[in-house]
């Protein structure tokens, strides 16, 4: 029997100044949010069990450690929404995804309207989520969330049109699509849920750059951590796979290359965050500083959740987080061999 290839997983946030912090309302909100999501029976019981093991509420509580109980419940619900939509859309063709997207966006724009009789339950699921959320989210954050969620769902439809493993992208076109379907920007809109940040400040060049770098940091981290399970089941829409196919790299070389891209983004994010301009008053400067810190905590949250939940490494996450090594999983025999193991 051959010895499995052992891959090194770099510590992507070794020098990240924002520590792991969790919302004190996590346990209670997790229980409520999980029960709420399960009550809709959108996915089969086995799939719901897997989603529960991935613990969407943990990501919410880590990413928004300072919000109050009601707001914590909203973000826990949000990540259940992501989980349901992501996992369900993976099994749909573009036409079916578009039908869901139309329902989802209508429910977000009309949270107090009854859903049509006979409509797929995703409509009431989203309406229930958003009608609760708007009670505790600032007006500007609500509109930004809807705008960004619209862009996100359109990107998911676009990705569904390029699922064929032979239809791959160069680095720039791949990242352009990935930035949209990672779902970070809608979640970032809720970092302002407690206040109305003026549009000219929210779209200041420095904050735009920080959000752009933050999205790319998350995209690269998610692709690196998800690569092993994705290549095993034939989901080759992944940056590591792209580097293997188009840069003549083996798997470890591709992981190291992708990690270097991540390191550059971290350096750029930290440089901007440490040299923010003044926005005209101490109060506004403090507000902007809090927003930047929220982005920093979000990035740390995603990294911690990747190992602490079942999402990418199942029960082996804590060990991999500590030791930074993982065995390359065998690829399903019926799939084309596109990954070089050495």
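The values are calculated or read from the model by the stated rules, or taken from the named source; none is laboratory data. For clarity, every value in this text was computed on a predicted model and none was experimentally measured. Every residue, glycine among them, receives a Cβ derived from its backbone with ideal geometry; neighbour counts consider all protein chains shown.
Of note:
- Residue match in region 118-128 (condition: within 19 Å of the chain's Cα centre (by Cα) and crowded, with 16+ Cβ neighbours inside 10 Å): yes
- Selection count where residues are surrounded by fewer than 17 Cβ atoms within 10 Å (Cβ to Cβ) and under 21 Å from the mean Cα position of the chain (by Cα), scope region 129-145: 1
- Within the set 244, 251, the sole residue that is over 16 Å from residue 179 (Cα atoms) and in contact with a strand residue (DSSP E or B) (Cβ under 7 Å, 6 or more places away or on another chain) turns out to be 251.
- Residues that are in contact (Cβ under 8 Å) with a residue 60 or more places away in the chain and surrounded by fewer than 16 Cβ atoms within 10 Å (Cβ to Cβ), drawn from region 69-89: 70, 86
- The single condition among (1) within 23 Å of residue 43 (Cβ to Cβ); (2) surrounded by fewer than 19 Cβ atoms within 10 Å (Cβ to Cβ) that residue 113 does not meet is (1).
- Members of region 95-139 found to be in contact (Cβ under 8 Å) with a residue 60 or more places away in the chain and not in a loop (DSSP other than H, G, I, E, B), listed by number: 97, 122, 124, 125, 128
- The one condition in (1) part of a helix (DSSP H, G or I); (2) modelled with pLDDT of 90 or more that residue 194 fails to fulfil: (1)
- Being surrounded by 13 or more Cβ atoms within 10 Å (Cβ to Cβ) and in contact with a helix residue (DSSP H, G or I) (Cβ under 8 Å, 6 or more places away or on another chain) is not true of residue 8.
- In region 199-221, the count of residues that are within 22 Å of residue 94 (Cβ to Cβ) and crowded, with 21+ Cβ neighbours inside 10 Å is one or more.
- Filter result for residue 77 (part of a helix (DSSP H, G or I), out of contact with any strand residue (DSSP E or B) (no Cβ under 9 Å at 6 or more places or on another chain) and modelled with pLDDT under 95): no
- Qualifying residue in region 322-338 (condition: in a helix (DSSP H, G or I) and either in contact with a helix residue (DSSP H, G or I) (Cβ under 7 Å, 6 or more places away or on another chain) or surrounded by 18 or more Cβ atoms within 10 Å (Cβ to Cβ) (or both)): no
- Entry remark, region 41-55: residues being touching a residue at least 40 places away in the same chain (Cβ under 8 Å) and surrounded by 17 or more Cβ atoms within 10 Å (Cβ to Cβ) number 4 in total.
- Selected residue (only one of 231, 252 is assigned to a helix (DSSP H, G or I), surrounded by 22 or more Cβ atoms within 10 Å (Cβ to Cβ) and either in the same structural domain as residue 300 (by TED's automatic domain parsing) or in contact (Cβ under 8 Å) with a residue 60 or more places away in the chain (or both)): 231
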